[in-house]
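Novice: What follows is a single structure, and I will ask about it in a moment.
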There are 2 protein chains.
Amino acid sequence: MATTTRVRERFLLACRRQPVDATPVWFMRQAGRYLPEYRRLRGDTDVLSLTRDPEAAAEVALQPVRRMDVDAAILFSDIMVPIAAVGVDVRIVANQGPTLAEPFRSDADVARLRPLEPPEDVPYTLETIRILLGELAVPLIGFAGAPFTLASYLVEGAPSRDHARTKALMHGRPETWRALMVALCDHVVLPYLRAQIAAGVHAVQLFDSWAGALDPDDYREHVLPWSRRILESLAAEGVPLIHFGTGTGELLAMMREAGADVVGVDWRTPLDVAWERVGADAGIQGNLDPAALLGPWDVVARKAEAVLMRAGGRPGHVFNLGHGVIPSTPPDHLARLVDLVHQRTAAR
Amino acid sequence: MATTTRVRERFLLACRRQPVDATPVWFMRQAGRYLPEYRRLRGDTDVLSLTRDPEAAAEVALQPVRRMDVDAAILFSDIMVPIAAVGVDVRIVANQGPTLAEPFRSDADVARLRPLEPPEDVPYTLETIRILLGELAVPLIGFAGAPFTLASYLVEGAPSRDHARTKALMHGRPETWRALMVALCDHVVLPYLRAQIAAGVHAVQLFDSWAGALDPDDYREHVLPWSRRILESLAAEGVPLIHFGTGTGELLAMMREAGADVVGVDWRTPLDVAWERVGADAGIQGNLDPAALLGPWDVVARKAEAVLMRAGGRPGHVFNLGHGVIPSTPPDHLARLVDLVHQRTAAR
């Protein structure tokens, strides 16, 4: 495992609620379509193919780090990579998201999730990490999708607004749901994240992007135990664990309870309110509305300062957007935003 | 204006936080695709055409009232009806939602919203109300879309997950945004709702379905003033005003502040938490997850009882789902749910 001493420490210190010289910043989807160099490199290649080309995937992850003074890089991959790697037919449809040729509907489908063998099934991911660790001067964040969000893609077969089939399975066939959750935890997410950590990533983020679609009772009964199974299993690995979803205002305390060191929050909940719900013994990541970046710079600056004011200079804040960078975002806004956060927080 | 004395009073009493013999129930989209008789009546007709046929639209609104013991009917219409009625080319695309041939992007587009003249522009809506008032033994709820949600459809040109163009306009061209909001309030929503009230609807619901996409600062600055303009203008009309959106956990207090008598809440926020945010001097409507209705009856019953427990028997609760009925919902589940709510709350 790579040592963390040679990379800039600010992000990792903040994840552990240690004092920092300035608030660390990174952006979800900082490697992506808003960057012209990404669009040039990618051309007509689909995302999954790009993630399977270690040189290209490493280059994509490095692009934002070259342009901006971000305090962490994130592995360029997709939450469906380990699902595809165990043989499920997944495609990432442009402007739509992951779609499955045969959505999961029955107990028999659960068996399609055979145990991931990282060295054989995702060698490109491990090689991408190796290349990046040789290049980066900031920490590298690995990631995976959380069981609920992965299950939603598997069961719906395509991105869904109401997650109706997923919830119907959860309520109507609890044993199938349980089997699906166990398989996602033990066959997919845990081996995938353990392999990333063994390869040297400095932190991991567990994306439960769609958990906010659930009512808090359902989250507690049908989702929290499985997120906890993952986060608690990884606690001994010694890397910070970030747990993020959108629309999770009422779930934040449970996301912390699941075992997150840092809870990511979207823009809907003011950062101070979110931190109070998460508790002072956890870090917080967020939470500027990514759509605000489409406005003029003075709006971006004003809203970023509001986020910093709500963080109140307390150790444990990682500045980020409340969700991924929107493809039409001007790259210069993001670069200026990094500098603004550093300057305002270093001045204190 | 029709008298309210001949209809069942329970729903209107609850809207005014008066004691009731049982908690009133209605469902958003109770008239719709989940009903086989709706699908038969509609056939291949598009929704906007159906709303322009008063006999058919009235029949659709009556269908759920015949099947179930709901305590209110809702006008069968669409929030884009008054937009289309002033000449904007809107289509409701199946399984997708409203789309515009020419989305709103400039100041010139705002001028496309000429003042609605209800007797000439929406005679079918007024005739539908007239027919329904002659048939119904429960109150009739009229409705309109709120300015933000209507603006999102106009600016995006189609349903959007991130509402990015809408927010870019709001932040980048505040004067255009203001002009658009004024036109939506004064040329569209207010004349449309005033005409519905004059025609005799017993209550109105202002749907700000997508307001939950906003951060609370943006809501307060760019949206609340316009929702307030509508609700305050209607306060003197004497009918209960319900204000609803999804994902609005952090906006509930402001939705009340805008002038709602009853605030509708989705399933993401527990009803007791929501009511505390709204304040004891307002009613609350909600909030069972519509996707729970796709599960077995015992799950529906358990979750409905949790909602009732959180309402605590306080006057001012209108039972509803947290969003519209999902088309794959079994109609019998809804009918049983109405009876369950009545029985459990009458027993107290």
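Novice: Does the stretch B:240-267 hold any residues that are assigned to a strand (DSSP E or B) and either closer than 19 Å to B:LEU214 by Cα or within 9 Å of chain A (Cβ to nearest Cβ) (or both), and which are they?
Specialist: Narrowing the stretch B:240-267 to residues assigned to a strand (DSSP E or B): B:241-244, B:262-264.
Within the stretch B:240-267, B:HIS243, B:PHE244, B:VAL263, B:GLY264 meet the criteria.
Novice: Right, something else. Can you confirm whether B:ASP121 is buried (at least 24 other Cβ atoms within 10 Å of the Cβ) and of a type in the set (D, E, K, R)?
Specialist: When the stated conditions are applied, B:ASP121 does not pass them.
Novice: Also, quick follow-up: Inside the stretch A:319-333, can you point out the residues that are over 19 Å from A:LEU271 (Cβ atoms) and more than 14 Å from chain B (Cβ to nearest Cβ)?
Specialist: The answer is A:PRO331, A:ASP332.
Novice: If a residue has to be aliphatic (A, V, I, L, M), within 24 Å of B:GLY286 (Cα to Cα) and either part of a loop (DSSP other than H, G, I, E, B) or touching a Ser or Thr at 6+ places or on another chain (Cβ under 8 Å) (or both) to count, how many in the stretch B:28-63 make the cut?
Specialist: Residues meeting the conditions: 4.
Novice: Next question, about the same structure. Of all residues in the stretch B:36-57, which are polar (S, T, N, Q), free of Cβ contacts under 8 Å to residues at least 60 places away in the same chain and under 15 Å from B:TYR124 (Cα atoms)?
Specialist: Of everything in the stretch B:36-57, just one residue is polar (S, T, N, Q), free of Cβ contacts under 8 Å to residues at least 60 places away in the same chain and under 15 Å from B:TYR124 (Cα atoms), namely B:SER49.
Novice: Another one. Being free of Cβ contacts under 8 Å to residues at least 60 places away in the same chain and not in a helix (DSSP H, G or I) is the filter here, so list the residues in the stretch A:134-172 that pass it.
Specialist: A:GLY157, A:SER160, A:ARG161, A:ASP162, A:HIS163
Novice: Quick one: count up the residues across the stretch A:66-83 that are farther than 20 Å from A:GLN343 by Cβ and touching a residue at least 40 places away in the same chain (Cβ under 8 Å). Write out each step before concluding.
Specialist: Here is the first cut: in the stretch A:66-83, the residues farther than 20 Å from A:GLN343 by Cβ are A:66, A:73-83.
Cutting the leftovers down to touching a residue at least 40 places away in the same chain (Cβ under 8 Å) gives us A:73-77, A:79-83.
Looking only at that region, the number is 10.
Novice: Is the stretch A:48-55 home to any residue that is small (Gly, Ala, Ser), under 25 Å from A:LEU241 (Cα atoms) and out of contact with any Lys or Arg (no Cβ under 9 Å at 6 or more places or on another chain)?
Specialist: Just the residues of the stretch A:48-55 that are small (Gly, Ala, Ser), to begin with: A:49.
Next, from what is left, pick out any that are under 25 Å from A:LEU241 (Cα atoms): none.
No; the residues of the stretch A:48-55 include none that is small (Gly, Ala, Ser), under 25 Å from A:LEU241 (Cα atoms) and out of contact with any Lys or Arg (no Cβ under 9 Å at 6 or more places or on another chain).
Novice: Go through (1) hydroxyl-bearing (Ser, Thr, Tyr); (2) over 19 Å from the mean Cα position of the chain (by Cα); (3) within 25 Å of B:PRO330 (Cβ to Cβ) one by one and return the number of the condition A:THR99 breaks.
Specialist: The single condition A:THR99 does not satisfy is (3).
Novice: Anything in the stretch A:64-84 that is in a helix (DSSP H, G or I) and among the aliphatic types (A, V, I, L, M)? List them, or say none.
Specialist: Correct list: A:VAL65, A:VAL81, A:ILE83, A:ALA84.
Novice: Hey, does the stretch A:176-197 have a residue that's within 22 Å of B:LYS303 (Cα to Cα), assigned to a helix (DSSP H, G or I) and within 14 Å of another protein chain (Cβ to nearest Cβ)?
Specialist: Among the residues of the stretch A:176-197, at least one is within 22 Å of B:LYS303 (Cα to Cα), assigned to a helix (DSSP H, G or I) and within 14 Å of another protein chain (Cβ to nearest Cβ), which makes the answer yes.
Novice: Let me ask another. Going through B:ARG173, B:ARG178, B:ARG165 one at a time, which residue ends up being over 19 Å from B:VAL81 (Cβ atoms) and in contact with a Lys or Arg (Cβ under 9 Å, 6 or more places away or on another chain)?
Specialist: From the options B:ARG173, B:ARG178, B:ARG165, the qualifying one is B:ARG165.
Novice: What's the total number of residues in the stretch A:296-311 that are without any contact (Cβ under 8 Å) to a residue 12 or more places away in the chain, of a type in the set (A, V, I, L, M) and facing another protein chain (nearest Cβ under 10 Å)? Don't jump to the end; show me each part of the working.
Specialist: Taking the stretch A:296-311 first, the residues without any contact (Cβ under 8 Å) to a residue 12 or more places away in the chain are A:296, A:298-299, A:302, A:306, A:309.
Add one more test, that the residue is of a type in the set (A, V, I, L, M), and what stays is A:299, A:306, A:309.
Of the ones still in play, those that are also facing another protein chain (nearest Cβ under 10 Å) are A:299, A:306.
Of the residues in the stretch A:296-311, 2 are without any contact (Cβ under 8 Å) to a residue 12 or more places away in the chain, of a type in the set (A, V, I, L, M) and facing another protein chain (nearest Cβ under 10 Å).
Novice: Which of the following residues is closer than 21 Å to B:LEU12 by Cα and either of a type outside the set (Phe, Trp, Tyr) or crowded, with 23+ Cβ neighbours inside 10 Å (or both): B:ASP281, B:ASP332, B:ASP298?
Specialist: None of the other options fit; the residue is B:ASP281.
Novice: How about the stretch B:194-206: which of its residues are under 21 Å from B:GLU257 (Cβ atoms) and out of contact with any Ser or Thr (no Cβ under 9 Å at 6 or more places or on another chain)?
Specialist: Here is the first cut: in the stretch B:194-206, the residues under 21 Å from B:GLU257 (Cβ atoms) are B:203-206.
Within the stretch B:194-206, B:ALA203, B:VAL204, B:GLN205 meet the criteria.
Novice: Quick one: in the stretch A:16-63, of everything that is basic (Lys, Arg) and under 20 Å from the mean Cα position of the chain (by Cα), which residue is nearest to A:LEU321 (Cα to Cα)? Talk me through it step by step, then tell me what you get.
Specialist: Filtering the stretch A:16-63 down to residues basic (Lys, Arg) leaves A:16-17, A:29, A:33, A:39-40, A:42, A:52.
From what's left, under 20 Å from the mean Cα position of the chain (by Cα): A:16-17, A:29, A:33, A:52.
Details: A:ARG16: 20, A:ARG17: 19, A:ARG29: 10, A:ARG33: 16, A:ARG52: 27 Å.
Checked the stretch A:16-63; the qualifying residue nearest to A:LEU321 (Cα to Cα) is A:ARG29.
Novice: Let me ask something additional. If I go through the stretch B:157-175 residue by residue, how many of them are of a type in the set (Asp, Glu) and facing chain A (nearest Cβ under 8 Å)?
Specialist: 1
Novice: If I ask for residues that are touching a Gly at 6+ places or on another chain (Cβ under 8 Å) and among the hydrophobic types (A, V, I, L, M, F, W, C), which ones from the stretch A:281-305 would you list? If you could, list the steps in order and put the result at the bottom.
Specialist: First, the residues of the stretch A:281-305 that are touching a Gly at 6+ places or on another chain (Cβ under 8 Å): A:282-290, A:294-296, A:299.
Scanning the stretch A:281-305 gives A:ALA282, A:ILE284, A:LEU288, A:LEU294, A:VAL299.
Novice: Only one residue in B:ALA203, B:ALA211 is touching a residue at least 40 places away in the same chain (Cβ under 8 Å), in contact with a Leu (Cβ under 7 Å, 6 or more places away or on another chain) and within 19 Å of B:THR166 (Cβ to Cβ). Which one?
Specialist: Numbers: B:ALA203 fails: within 19 Å of B:THR166 (Cβ to Cβ).
None of the others qualify; the one that does is B:ALA211.
Novice: Here is a further query. Inspect all residues belonging to the stretch A:208-226 and state whether any of them is closer than 26 Å to A:PRO139 by Cβ, of a type outside the set (Asp, Glu), modelled with pLDDT of 95 or more and surrounded by 22 or more Cβ atoms within 10 Å (Cβ to Cβ).
Specialist: Checked against the condition, which is being closer than 26 Å to A:PRO139 by Cβ, of a type outside the set (Asp, Glu), modelled with pLDDT of 95 or more and surrounded by 22 or more Cβ atoms within 10 Å (Cβ to Cβ), the stretch A:208-226 yields at least one hit.
Novice: If I filter the stretch A:201-220 down to residues being part of a loop (DSSP other than H, G, I, E, B) and among the aliphatic types (A, V, I, L, M), which single residue comes out as farthest from the other protein chains (Cβ to nearest Cβ)?
Specialist: So the residue we want is A:VAL201.
Novice: Scan B:ARG114, B:ARG105, B:ARG130, B:ARG91 and give me the residue that is more than 15 Å from B:SER49 (Cα to Cα) and at pLDDT below 95.
Specialist: Of the residues listed, the single one that is more than 15 Å from B:SER49 (Cα to Cα) and at pLDDT below 95 is B:ARG105.
Novice: For the subset of the stretch B:268-295 comprising residues that are within 14 Å of another protein chain (Cβ to nearest Cβ) and β-branched (Val, Ile, Thr), which member is farthest from the chain's Cα centre (by Cα)?
Specialist: B:VAL273
The values are calculated or read from the model by the stated rules, or taken from the named source; none is laboratory data. This is a predicted model, so every value here is computed, not measured. Virtual Cβ from ideal backbone geometry, glycine too; neighbours counted across all protein chains shown.
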